[in-house]
Amino acid sequence: MIEPGEPLPAVTKTLDQGKINRYAEVSGDGNPLHTDPEFASRTPFGGTIAHGLLVLAYLSESLTLAFGRAWLEGGKLKVRFRAPARPGDTVTAGGTVTEVREGLARCQVEVRNQKGEALILGEAEVLIPLERGYG
Amino acid sequence: MTTPSLDELPVGYRFPKVPFRLDVEWVRDYLEAVEDKATPSLGKDAAPPLAALVMMVRRLLELARLPEGSVHLGQELQCHRALHPGEELIGELIITGNSVRQSWRFLQVDVVVRAPQGEEVMKARATILSPVGQGQ
């Protein structure tokens, strides 16, 4: 039975420039802010940052662990990117179920870095799989 | 023809529809790049919704230049059914916001992904922030 207060599984990853470059290659997003340390050092960020959708994928993995195919079949997500993730950061994606009503679980979701700083904050909704129960 | 900068496009602008294949090998590469071990555990027919979104962002970056200094500010996503590796899909990209506040431009791009028969399978909205006066 899924109930309010239940935590989503934590997904923790450590970023490095190689992972960011690999994602840039696969996604086709070669923005030098992500891939060129020399260029990025001259921006307000002071260095390269991970793609927002790379970090968001860690949150998607947490939701998949929590809800399985239900997340893939009918999930809904709304997030704000609050701060960048940088090479060397260890980030943890997860959240908490905040409300369960008529088979729909609402969750507060987040990704934080090793300092506890919020990188992504938002909300997700997922129709709860029947086998996990709702009431 | 010169590729337009995203900030030059008016609200309501629709890019030509983008047919694409959620290629099996590409999905595998994507899952490896994002270190997603949960989706493969659901079976070979499972693909995360973000994979289709990333594919559409890839197409968007081929159709328009992102203003220099742009950052991803927000993302919305809604799935109507599961996506499957190998599936043929059609994407639509629409500019739904382009406004300036102080020294920042707020760009909003809606993404709609449909099956070839027209069924909407996923939709998303990206909000992008770019400094005014850059990349123009």
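No value in this document is a laboratory result; all are computed from the given coordinates. Predicted model, so just to flag it, every value in this text is computed and none were measured. Cβ atoms come from the backbone with ideal geometry, glycine included; neighbour counts cover every protein chain shown.
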- Within the range B:1-29, whose backbone N sits under 19 Å from a point 7 Å along Cα→Cβ of B:V132? B:5-11
- Please identify every one of the GluC sites (Glu not before Pro) in the range A:44-135 that sits in a loop by DSSP and has no more than 15 other beta carbons within 10 Å of its own beta carbon. A:E102, A:E117
- Choose one answer from A:F81, A:F39, A:F67: the residue with the largest mean-square fluctuation in a GNM of chain A with alpha-carbon springs under 10 Å. A:F39
- Sparsely packed trypsin sites (Lys or Arg not before Pro) within the range B:1-72, loop by DSSP, other Cβ within 10 Å at most 13: B:K17, B:K37, B:K44
- Calculated FRET efficiency, B:V100 and B:T2, Cβ-Cβ r, R0 22 Å, to nearest 0.05? 0.45
- Using the Cα centre as the reference, give the magnitude of the dipole from point charges on the C-beta atoms of the protein assembly as shown (Lys, Arg: +1; Asp, Glu: -1; all else neutral), rounded to the nearest 20 debye. 460 debye
- Report the full-extension gain for the segment A:K78 to A:Q114: residue separation times 0.36 nm, less the Cα-Cα distance, to one decimal in nm. 10.7 nm
- Assuming R0 = 25 Å, can you tell me the calculated FRET efficiency for the pair B:E25 and B:D110, based on Cβ-Cβ distance, to the nearest 0.05? 0.30
- Taking one equal scatterer on every alpha-carbon of chain A, how large is log10 of I(q)/I(0) by Debye at q = 0.13, 0.15, 0.20 1/Å? -0.57, -0.71, -1.07
- Query: Relative to the present Cα-Cα distance, how much length would full extension add between A:T14 and A:R42 at 0.36 nm per residue of separation?
  - Reply: 7.7 nm
- Query: For chain B, what is the charge dipole size about the Cα centre, in debye to the nearest 20, if Lys and Arg each add +1 at the Cβ and Asp and Glu each add -1 at the Cβ?
  - Reply: 320 debye
- Note on the structure: For chain A, the dipole about the Cα centre with charges only on Cβ (Lys and Arg +1, Asp and Glu -1), to the nearest 20 debye, works out at 200 debye
- GNM flexibility winner over chain B from B:E68, B:E87, B:E32 (Cα, springs under 10 Å): B:E32
- Across peptide B:48-55, how many C-beta atoms of other chains are within 10 Å of each residue C-beta, on average? 6
- Note down the nm distance, to one decimal, between modelled labels 7 Å out along Cα→Cβ at A:E6 and at B:K44. 3.2 nm
- Kirkwood radius from Cα pairs of the range B:14-87 plugged into Stokes-Einstein at 20 °C, 1.002 mPa s, gives D in µm²/s equal to 155 µm²/s
- Query: With springs only between Cα atoms under 10 Å, which of B:D23, B:D110, B:D36 fluctuates most in a Gaussian network model of chain B?
  - Reply: B:D36
- Item | Positive minus negative residues near B:T2 (Lys, Arg vs Asp, Glu; Cβ under 13 Å) | 0
- To the nearest 0.05, what FRET efficiency results for B:Y13 and B:E119 with a Förster distance of 25 Å applied to their C-beta separation? 0.55
- Item | Under DSSP loop assignment and at most 12 Cβ neighbours within 10 Å, longest trypsin sites (Lys or Arg not before Pro)-free interval of chain A | A:43-114
